[in-house]
Amino acid sequence: MHLPHGLTGYFDYEQGINCAQKLNKPAFVVFKGHACANCKKMENSVWADPAVLKLLSEEYVIIALYTDDRTN
């Protein structure tokens, strides 16, 4: 799994939160699905905006949680 536009982040909540705390940055938590058309649309239109991309890459720790991979 990877994030779009060369962004880096975490796919595990605890790892992402730990990183955000260590870096003193807010966490950007996104819930997504492997076949989610609306998720892909947001990534391709909103995340691709240069200003948004800059914020996501420099100011936040991204945590992408795939809801179709969840366990009980």
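May I ask you to list the residues in the stretch 42-60 that are under 10 Å from the mean Cα position of the chain (by Cα) and farther than 14 Å from residue 4 by Cα?
60
State all residues of the stretch 1-23 that are surrounded by 13 or more Cβ atoms within 10 Å (Cβ to Cβ) and among the aliphatic types (A, V, I, L, M); if no residue qualifies, say none.
3, 7, 17, 20 - these are the residues of the stretch 1-23 that are surrounded by 13 or more Cβ atoms within 10 Å (Cβ to Cβ) and among the aliphatic types (A, V, I, L, M).
So, residue 24, is that one modelled with pLDDT of 95 or more and more than 10 Å from the chain's Cα centre (by Cα) or not? I'd like the intermediate steps shown before the answer.
Working: modelled with pLDDT of 95 or more: yes; more than 10 Å from the chain's Cα centre (by Cα): yes.
The answer is yes for residue 24.
Here is a list of conditions, (1) part of a loop (DSSP other than H, G, I, E, B); (2) on the phi > 0 side of the Ramachandran plot, and residue 48 meets all of them except one; can you say which number that is?
(2)
Could you run through the stretch 1-46 and say how many residues are touching a helix residue (DSSP H, G or I) at 6+ places or on another chain (Cβ under 9 Å) and within 19 Å of residue 58 (Cα to Cα)?
Result for the stretch 1-46: 18.
Which of the residues belonging to the stretch 17-41 are in a helix (DSSP H, G or I), without any contact (Cβ under 8 Å) to a residue 12 or more places away in the chain and either of a type in the set (S, T, N, Q) or farther than 14 Å from residue 3 by Cβ (or both)?
First, pick out the residues of the stretch 17-41 that are in a helix (DSSP H, G or I): 17-23, 37-41.
Then drop every residue that is not without any contact (Cβ under 8 Å) to a residue 12 or more places away in the chain, which leaves 18, 21-22, 37-41.
Within the stretch 17-41, 18, 21, 22, 37, 38, 41 qualify.
The values are calculated or read from the model by the stated rules, or taken from the named source; none is laboratory data. Since the model is a prediction, treat every value here as computed from it, not as a measurement. Glycine also receives a Cβ, built like all others from the backbone with ideal geometry; neighbour counts cover every protein chain displayed.
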